[in-house]
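The values are calculated or read from the model by the stated rules, or taken from the named source; none is laboratory data. Only a predicted model underlies this, so the values are computations on that prediction, with no experimental measurement involved. Ideal geometry is used to build each Cβ from the backbone, glycine not excepted, and the neighbour counts take in all protein chains shown. We work out accessible area using only protein heavy atoms, side chains counted, and drop any ligands, DNA or RNA first. Shrake-Rupley method; radii C 1.70, N 1.55, O 1.52, S 1.80 Å.
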Amino acid sequence: MNERKMNDVECNGSTPPPRGSTEIGVRDNPTPSHGVRWIKGWLRQFFRRPARSDLPTLVLIWAVAFGLSAVAILLMVLVAGQAHAAVLTAGDRLQVVIESGEGFSGKYQVDVQGALLLPYAEPVQVAGLDPQSAAMALSAHLEQRGIFRPGAARTTVQVLWWAPLDIRVSGEVFNPGHHRVNMPALLDRAVERAEEIPGAYTPQRNLSDALKSAGGITPWSDLARIGLKRQGKVVFADLRHLISGEQGDDPFLQNGDEVMVGRLPFPQPAQVRPSGITPPGIKIYAGNLIQGQNNASAANGLGTLALTYGSRLSQGVIAANCAGGMFGGDRRAALLRTDRVSGRTQTWDVLLRELMTQADDRINPLLQEGDALTCFDSSVSGWREAFRILGDVLLPISILKGF
């Protein structure tokens, strides 16, 4: 036995250390804590090769995950559908066609309670339903009342006329408050033409129509999150595509909806241009203090100017006929603006020579509705006015004109 141990030592080339001692240069590995051992064991158990006995557990986990995902997607679709579907409301005029139901087919109008009243039946609530869902509700009601056999009340609903909606718009629009959308100029004729061909009338009851009826968005509008509140629930819509011209959704509205437009910390110059949700034009107050010798006399005392939305101060100056004249070198333009939110007044005093020759947006701001613009000469106008008064006093012809 001892000879065998000696042979093993000679073959290995080293002598094993005695029990309880350590070799020089080799550190002891610290014993891991209980928590670390538990985590390592759990990771090994989790990432191990699955056995056949693990199959029911894996199927259950995947089924739960798939079910939760399906529920989440369904909720998103339902919420989005509530905002994007064209639904019926009070005042809508419908063409109801029921197969083998001549006494029930005809033209109906949704009453103020949001219901349709068919002969021999109780009122059926259709407000908030799209036409197809309204047809299903009518069929189910007639069959439940025993007026038609089950499956016999096949119903079709077509919209003849989409009624105007009362909408409240708040936030960054030029005219916040209650507005009516889908209101034609000639109501009776529009209804008459719509009833000639069922389904031929296109409603103007989208979210963009509400913004347009409220005067359009301001440069501070947050188009990425337009809030739409309906029956206590709020969904958000992204309407930036209405400015950029790209494709996107424009949700349909229901009667009583509230549209909320948030405010960005800085104005967006890209939103200050004609579009479907911005004003087509603006009016500014303009006065030209330069006499007719330098500029056209028709431009003096302008009062108001109509300009395209997106015009800048330089364009307002030209429209006010301030940019010409022999004394244009000392001519200045003053712009006054009152902020609609804070009530503060902003002013710009710009030398026209710099305004017309320098591409600097800091001295050439975008004009807004209600801005006040005036043009004047820094020194020449005052001297010219003085000489005119002296001439009127000294010249005998002027005195004789007074008699």
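The table that follows gives values for the structure above.
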read-out: Residue count, the stretch 249-260 (criterion: out of contact with any helix residue (DSSP H, G or I) (no Cβ under 7 Å at 6 or more places or on another chain) and open to solvent by less than 70 Å² (accessible area, probe 1.4 Å)); value: 5
read-out: Count - residues of the stretch 111-165 that are open to solvent by 60 Å² or more (accessible area, probe 1.4 Å), over 21 Å from ASN206 (Cβ atoms) and outside any loop (DSSP other than H, G, I, E, B); value: 4
read-out: Where a residue in the stretch 96-108 is in contact (Cβ under 8 Å) with a residue 40 or more places away in the chain and its partner, wherever it lies, is surrounded by fewer than 19 Cβ atoms within 10 Å (Cβ to Cβ) and of a type in the set (Asp, Glu), with Cβ under 6 Å and at least six apart; value: none
read-out: Identity of the residue in the stretch 356-375, of a type in the set (Val, Ile, Thr) and outside any loop (DSSP other than H, G, I, E, B), that ends up surrounded by the most Cβ atoms within 10 Å (Cβ to Cβ); value: THR374
read-out: Breaking point among (1) closer than 17 Å to PHE174 by Cα; (2) modelled with pLDDT under 85, for ALA323; value: (1)
read-out: Of the criteria (1) under 14 Å from VAL317 (Cβ atoms); (2) part of a strand (DSSP E or B); (3) charged (D, E, K, R), which one ARG353 fails; value: (2)
read-out: Number of the exception - GLU246 against (1) open to solvent by 40 Å² or more (accessible area, probe 1.4 Å); (2) in contact with a Ser or Thr (Cβ under 9 Å, 6 or more places away or on another chain); value: (2)
